[in-house]
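The values are calculated or read from the model by the stated rules, or taken from the named source; none is laboratory data. These figures come from a predicted structure and were not determined experimentally. We place every Cβ from the backbone using ideal geometry, glycine too, and count neighbours over all the protein chains shown.
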Amino acid sequence: MKKLFTNAQAIVPGQAEPQVTSVLIDGEVFSEIGDVTPCSESQIIDCENKILAPGIVDLGVFAIDKPAFHFGGITRAALMPDQSPVLDLPAMIKHYAADGKPDLWSHPIAAATKALEGKELAEIGLMKPAGALAVSTGRHWIADSGMMLKLLQYCHSLNMPVIVHSEDLGLVGDAVATAGETATRLGLSSAPSCAEAVSIARDLALVRESGAKVHFRQVTTAAGLNLIGEAKSQGLPITCGITPAHLFLSDMAISDFRTFARLSPPLRDESDRQACLAAVQNGTIDVISSGHDPRGPEDKRLPFAEAQPGMAGAETLLALSLNLVRDEIVSIGRLFEMLSTNPAKILGANAGAIEPGYEADFILIDPDAPWQVDTRKMAAAAGNTPFDKLPVQGRVRGIYKGGKAL
């Protein structure tokens, strides 16, 4: 059955604003975009002038949480290897690759080292045919430069991107906040924000040596972003990402010891937050992801220093990111490059764009629909969001996977 979606404001590659057009789906892929003449065998669906956008590809979640993903318009999720047990064996990759199908594509990311301990390479060559599209150091930074170079050289030979966490562990230690006025006033153990830039500088040097593709999962400081921008200008095969939390919150959000605002990396000061917004605007940042990490009371209802970092971000990812469009920081076309197209390219997935031949994963959006974030009503496995009670705009009104409504 062919499906023709008419009266749609489609977000198509190369266009900053939505284009009023029709989209034809044949089987599970996009077939035609434009002035399509319906045939007798086509099912016609009126989009009622809603935005038709590529399904969000969430690069780097810590749990497969289908209800939250469907609410937020996420059709593909790249699962971080920090699971129990760690994703360091082909059998684990196969298991999680099947998780969520057919209404969600789960892309498990292979652990870079055994048990993510940074000491011995995992069986990456066996995990690739098992379904791993990328390799990651998880929540950790590999301190051993020799081991990191070996990892990058090996992944370069396999043509697999490496997703890295950027915090020098020697500087971070057991810190729970960024060094500065807020951490000092609260008496929290803290680390200098330069821990990020130091780790990025080391890894960039190793990228130059190895030629490997590297994605810096979260870059949250002005110094780190400057290094990324300079390396990109030199043609290094790198990309970087961020979450809405680091775009819209500063370390002031932890002022009342709010554990829902304890993240990894920790929230930064206002000058770094403004630098992140500028990096979204000038193209230094390639990906916006949710960092979805639902944690229950046993992890969050604790003293700040004892609480676990992480936030449930899948449901708020789209609505918060749309603020970048309203504030005229980016166009909506550019926004979906960061939410969908670029993460799909990093993974090598045939998705993330409304384009003929691509998987027909898309969402229908009412960008002005108002709602309020409420931890008590979230679809996620846990409602640990620092944006509780925040009024937002933008709701997913339809989600399609392979052309089929979910």
Within region 26-55, restricting to residues that are small (Gly, Ala, Ser) and in contact (Cβ under 8 Å) with a residue 12 or more places away in the chain, the one that is nearest to Tyr400 (Cα to Cα) is Gly55
Taking region 15-25 and keeping only residues that are in contact (Cβ under 8 Å) with a residue 60 or more places away in the chain and surrounded by fewer than 19 Cβ atoms within 10 Å (Cβ to Cβ), one is left with Gln15, Ala16, Glu17
Within region 168-180, of all residues that are at negative phi and in contact (Cβ under 8 Å) with a residue 40 or more places away in the chain, the one surrounded by the fewest Cβ atoms within 10 Å (Cβ to Cβ) is Ala175
Picked from region 207-232 (must be surrounded by fewer than 17 Cβ atoms within 10 Å (Cβ to Cβ) and among the charged types (D, E, K, R)), the residue farthest from Pro161 (Cα to Cα) is Glu230
The lone condition Cys194 fails out of (1) of a type in the set (A, V, I, L, M, F, W, C); (2) surrounded by fewer than 17 Cβ atoms within 10 Å (Cβ to Cβ); (3) over 19 Å from Arg268 (Cα atoms) is (3)
Gly138: passes all of (1) in contact with a His (Cβ under 8 Å, 6 or more places away or on another chain); (2) assigned to a strand (DSSP E or B); (3) of a type outside the set (Lys, Arg) but (2)
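Quick grid of which residues meet (1) within 24 Å of Glu196 (Cβ to Cβ); (2) out of contact with any Lys or Arg (no Cβ under 8 Å at 6 or more places or on another chain); (3) polar (S, T, N, Q):
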{"site": "Ala261", "(1), (2), (3)": "yes, yes, no"}
{"site": "Ser264", "(1), (2), (3)": "yes, no, yes"}
{"site": "Val280", "(1), (2), (3)": "yes, yes, no"}
{"site": "Ile288", "(1), (2), (3)": "yes, yes, no"}
{"site": "Leu322", "(1), (2), (3)": "no, yes, no"}
{"site": "Ile329", "(1), (2), (3)": "yes, yes, no"}
{"site": "Ile332", "(1), (2), (3)": "no, yes, no"}
{"site": "Ala344", "(1), (2), (3)": "no, no, no"}
Open item on the list: Tell me yes or no: at least one residue of region 287-297 is within 23 Å of Leu188 (Cα to Cα), among the polar types (S, T, N, Q) and touching a residue at least 40 places away in the same chain (Cβ under 8 Å).
Closed with: no
When region 310-325 is checked residue by residue, the ones that are out of contact with any strand residue (DSSP E or B) (no Cβ under 6 Å at 6 or more places or on another chain), surrounded by fewer than 22 Cβ atoms within 10 Å (Cβ to Cβ) and touching a residue at least 60 places away in the same chain (Cβ under 8 Å) are Asn323
In region 34-47, anything farther than 12 Å from Ala10 by Cα and not β-branched (Val, Ile, Thr) is listed as Asp35, Pro38, Cys39, Ser40, Glu41, Ser42, Gln43, Asp46
> With respect to Ser136, is the statement that it is surrounded by fewer than 17 Cβ atoms within 10 Å (Cβ to Cβ), closer than 22 Å to Pro343 by Cα and modelled with pLDDT of 95 or more true?
Replying inline: no
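This table checks each residue for (1) under 21 Å from the mean Cα position of the chain (by Cα); (2) outside any strand (DSSP E or B); (3) at pLDDT below 95.
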site: Pro38; (1), (2), (3): no, yes, yes
site: Ile45; (1), (2), (3): no, no, yes
site: Phe71; (1), (2), (3): yes, yes, no
site: Ala78; (1), (2), (3): yes, no, no
site: Ile93; (1), (2), (3): yes, yes, no
site: Asp103; (1), (2), (3): yes, yes, yes
Going through region 362-386 in order, the residues found to be hydrophobic (A, V, I, L, M, F, W, C) and either assigned to a strand (DSSP E or B) or within 19 Å of Asp58 (Cα to Cα) (or both) are Phe362, Ile363, Leu364, Ile365, Ala369, Trp371, Met378, Ala379, Ala380, Ala381, Ala382
(request) With the condition kept exactly as written, say whether any residue in region 252-268 is buried (at least 19 other Cβ atoms within 10 Å of the Cβ), on the phi > 0 side of the Ramachandran plot, within 19 Å of the chain's Cα centre (by Cα) and not hydrophobic (A, V, I, L, M, F, W, C). (result) no
